[in-house]
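Enquirer: Can you read through this structure? Questions will come right after.
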Amino acid sequence: MQSVNDDMDELFRKAAKDYPLETGSADWDKVVGQLSKRERQLLFRRYDKKLLWLLLLIPFSFICNEYFVDADQSRMAVNKNIKAPNKSVADKNSLSKTNKNNKAGPATNVAPKFKAPGSALYPINSNEQQTGRVVSKRNTKQTEETAVFLTDHTEPGLFHNDPGFYNKTSPYFKRNYTQIPYVVKYPSLMHSVKAQPHQAIASVADKESSRWEKPDKRFYAGIVGSLDATSIQFQRIDNPGYDIGILLGYKIHKKWSIEAGLSLDKKYYYTKGEYFNTSKIRAFMPPNSEIASVNGNCQMWEIPLSLRYELKTTSKHTLSASAGISSYLMNRESYNYLYYYPASGQSWEYYKSYPSSSKHLFSVVQLAAGYTVKLHKVGDLRLEPYMKLPLKGMGVGSIHLQSAGLHVSITKQVF
Amino acid sequence: MAACVFIYNLYRLEFLHTIINGCVQNNPKDQKHLYERYYGYCLKIVFRYIYRYDKAVDVVNDGFVKVFRSFSKFEYKVTEHLEMMLMGWMRTIMIHTAIDHLRKNNFIPEIGDLSESIWMHEDKSQASDQALLYKELVKEIKKLPPSYRTVFNMYVIDGLSHQEIADTLGISIGTSKSNLSKARVILQKIIKNNDKQMNICSL
C-alpha cells in the first residue's frame, strides 16, 4: 500500500511541475496599482503629521480677515465725541408750526457731528426753538423712525425754509433723501426731552452708539483643532491623532456657557488581543486562531456637547472648566491584526478595512480645563487640555478608546 | 562547453542578484523583471489550490504584492542556490496567500467546469501525451474538496509536514492525516477507473 502511495505521490509531483497551464495572463499594471495604493496609504499617513502644521495657518487667516474688515468699518465708525448742539430733539407735534414760523436763513450754529454708521449729520438751525429737523417720517409698529439726512452744513436754507423741502420731487429732498443710507431709530425719548437738549442728544447718541458698539452678544463661534493621543485600557499609544472642527457656544449666564461642536477626528491606537472583542469578526478568522495584537486607526465625526464654567475672569484672561458628553460617528476603521495559533505559536499579519460606519451616541465623557486669552478684536484664543473617557465599547472590536490632548481654539462673539 | 555553462550560470546569478537588490530597493523595473520571470511558476502553484483560473490569477498578483512588500525580509547569500532559495521563499508566500483566499471563502467547494482555454496546447508528440496525463491529474486534484485538496497539495507536492500543515491551517495533526488519507482514496479510485477504461478501450 505504501509503495502504491509513494508511486502515486511521485506521479502527482511530476504532474504538478509539468502540467500544461497557460501562463500568459500576467498583468503587471494590476500589481503596480495595488503596490501604489498601499504606498499612497503609507505616504498619506506620513503626511498626516506634516499636514498638522497647516492648522497653525488657520488663526492667521482669521486675524488677517479681521484686520481687513476692521479697516473698512473704521471709515464708517461711530464717533463718540459728540459736541453739544444748541437745540433739542424735534417735537413732532410742533413740527408743522415750526416750519411755518421759522424764518429763512443759513444755519449759523453748526450742528454737532453726530456720526452714526453712515455718517448722518444732524444739523440744527439756531433759529429754531427746541426743534429738530425731520425730513421724513415712517411710522412703524413700535417706534417712529426718523430719517436723518446727510448734508453739508455749509449749505444754507436746506432745512426749513425751502419750499420744496418736504416735497419729495424737489431736488433738495431727492438729493438729501437719497444720501441717507441708514435710518436712526428714535423711540419715545424724542418726544420727552425738552430742558436739556444737548444732554438728551448725547444720551440718545450714547445709547445708540453703545447699542451699536457693545451689543449683548451671547452667541459665539469658533474653530478648534487639537493633537490627540488615544489608548485602549491605558496601553501604549500608537501614533498621535488629530481633530479639527467648529465650535458654537451660548452664554446662558455670566459664568456659564453651553457649547456644541462638530469635528473630524483621526485616531490611532494599539491594543493587545485580549481587549479586542472578536464576536463581530470571528466568522472571518482562521479556525483555532487568536488575535495577539491589533494596530488600528479610525476616522470619525465627533459631536461634543458640554457645559463650561468660568472660574476666574480678568480683562485679559479667563480660567474655565468644562464637562460634557460626545457622540462618535465612526466612518472607517482599519486594522492590522496579528493573529496566531496557540498550539504552534505561528503568527500571521492580516490587514482589514471596514468602510461601514457605526454610531455611538453619547458614548464619551469629556473633561477639560481651559485658559482663554482675549486677542482684542480677533477674538479669544483658548488653550484647553482635555481628557475623553469612554462609557462603552466602540467600533468593530468594541474597544474602549481613551483620549487626551490639547484643544486650541479661536472663538468670537457673534451676536 | 563546460566553461560556457559556467559563465552562463555566473551571469544568471549576477543578474538575479541585481534583480533582488533592485526589488529590495523597490525599483519598479527590477520588480517587473521578477514578476514576468516567475509569474508562470507561481501561477502553477496557486492553480493547484484555487479552483477557478481567474481567481488564481488574482491570488498570484496579491502574492506578488506581498513578495515585493516583504522583500527586505528575504535573507539570502549569493550562492549557486540563490534562485532555489528565492523560488522556495516565493512558493511559501504564494501558498499562504492561496490558503488565505480559501479561508476567506470558508473552504467552500466551487462548482463549474474549467475552460479549455486555460490549458496550453502542445503539438502532437509523445511529450504532449504526458502533458495531457499531467493535465488530467491536476484536474482531478482540483476536483477534490478544498480541505482535502489543500492538505494533499501541501503534503504530497509542496513537501510540508503534518505539523506544519496543522499549524498553517489551524487544524490538528490527526485531521491533517485524515484529510490526506481521504484525498488519496478518492484519487486512487479515479486512477483505477481511468486504467480500467483504458484497458477496455485497448481490448
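Enquirer: Got a number for residues in the range A:259-275 being surrounded by fewer than 17 Cβ atoms within 10 Å (Cβ to Cβ) and in contact with a Leu (Cβ under 6 Å, 6 or more places away or on another chain)?
Expert: 1
Enquirer: Only residues that are more than 7 Å from chain B (Cβ to nearest Cβ) and not in a loop (DSSP other than H, G, I, E, B): list them for the range A:21-31, please.
Expert: Passing the criteria: only A:ASP29.
Enquirer: It is to be established whether one or more residues within the range B:59-68 are within 22 Å of B:THR168 (Cβ to Cβ) and touching a Lys or Arg at 6+ places or on another chain (Cβ under 8 Å).
Expert: So far as the range B:59-68 goes, yes, one or more of its residues are within 22 Å of B:THR168 (Cβ to Cβ) and touching a Lys or Arg at 6+ places or on another chain (Cβ under 8 Å).
Enquirer: Please indicate, with yes or no, whether at least one residue in the range B:38-51 is at pLDDT below 90, out of contact with any Phe, Trp or Tyr (no Cβ under 6 Å at 6 or more places or on another chain) and surrounded by fewer than 18 Cβ atoms within 10 Å (Cβ to Cβ).
Expert: no
Enquirer: Moving on to the next point. Can you pull out every residue in the range A:352-372 that is of a type in the set (Val, Ile, Thr) and more than 16 Å from A:LYS255 (Cα to Cα)? Even if it seems obvious, please write down each step before you answer.
Expert: Filtering the range A:352-372 down to residues of a type in the set (Val, Ile, Thr) leaves A:364-365, A:372.
Scanning the range A:352-372 gives A:VAL364, A:VAL365.
Enquirer: Considering only residues that are at positive phi and in contact with a Ser or Thr (Cβ under 7 Å, 6 or more places away or on another chain), which ones fall in the range A:351-383?
Expert: As a first pass, look at the range A:351-383 and keep what is at positive phi: A:362, A:376, A:379.
Hits for the range A:351-383 are A:PHE362, A:GLY379.
Enquirer: Now a separate question. Would you tally the residues in the range B:118-171 being surrounded by fewer than 18 Cβ atoms within 10 Å (Cβ to Cβ), touching a helix residue (DSSP H, G or I) at 6+ places or on another chain (Cβ under 9 Å), more than 8 Å from every other protein chain (Cβ to nearest Cβ) and farther than 20 Å from A:LYS14 by Cβ?
Expert: 3
Enquirer: Right, another one. With the requirement that a residue be free of Cβ contacts under 8 Å to residues at least 40 places away in the same chain and either buried (at least 19 other Cβ atoms within 10 Å of the Cβ) or not small (Gly, Ala, Ser) (or both), what does the range B:80-104 give you?
Expert: Step one: list which residues in the range B:80-104 are free of Cβ contacts under 8 Å to residues at least 40 places away in the same chain, which gives B:81, B:84-85, B:88-89, B:92-93, B:100, B:103-104.
If the condition is that a residue be free of Cβ contacts under 8 Å to residues at least 40 places away in the same chain and either buried (at least 19 other Cβ atoms within 10 Å of the Cβ) or not small (Gly, Ala, Ser) (or both), then B:HIS81, B:MET84, B:MET85, B:TRP89, B:THR92, B:ILE93, B:ASP100, B:ARG103, B:LYS104 are the ones that fit.
Enquirer: Among the residues that make up the range A:390-402, is at least one of them more than 30 Å from B:ILE165 (Cβ to Cβ), surrounded by fewer than 15 Cβ atoms within 10 Å (Cβ to Cβ) and touching a strand residue (DSSP E or B) at 6+ places or on another chain (Cβ under 7 Å)?
Expert: Yes, the range A:390-402 contains at least one residue that is more than 30 Å from B:ILE165 (Cβ to Cβ), surrounded by fewer than 15 Cβ atoms within 10 Å (Cβ to Cβ) and touching a strand residue (DSSP E or B) at 6+ places or on another chain (Cβ under 7 Å).
Enquirer: OK, next. Please go through the range A:295-345 and give me each residue that is more than 26 Å from A:THR278 (Cβ to Cβ) and basic (Lys, Arg), ordered by number.
Expert: Passing the criteria: A:ARG308, A:LYS312, A:LYS316.
Enquirer: For the range A:236-290, how many residues are among the aromatic types (Phe, Trp, Tyr) and in a strand (DSSP E or B)?
Expert: So the first thing to find is which residues in the range A:236-290 are among the aromatic types (Phe, Trp, Tyr), and the list is A:242, A:250, A:256, A:268-270, A:275-276, A:284.
Subset that is in a strand (DSSP E or B): A:242, A:250, A:256, A:268-270.
Counting residues in the range A:236-290 that are among the aromatic types (Phe, Trp, Tyr) and in a strand (DSSP E or B) gives 6.
Enquirer: Taking the criterion of being under 23 Å from B:VAL57 (Cβ atoms) and out of contact with any strand residue (DSSP E or B) (no Cβ under 8 Å at 6 or more places or on another chain), would at least one residue in the range B:155-166 satisfy it? Let's see the steps before the verdict.
Expert: First pass over the range B:155-166, keeping only residues under 23 Å from B:VAL57 (Cβ atoms): B:157-158.
Filter once more, so that each one left must be out of contact with any strand residue (DSSP E or B) (no Cβ under 8 Å at 6 or more places or on another chain): B:157-158.
Yes, the range B:155-166 has at least one match.
The values are calculated or read from the model by the stated rules, or taken from the named source; none is laboratory data. Treat the numbers as computed from the prediction; the structure is a model and nothing was measured. Note that we place each Cβ from the backbone using ideal geometry, even for glycine, and neighbour counts take in every protein chain shown.
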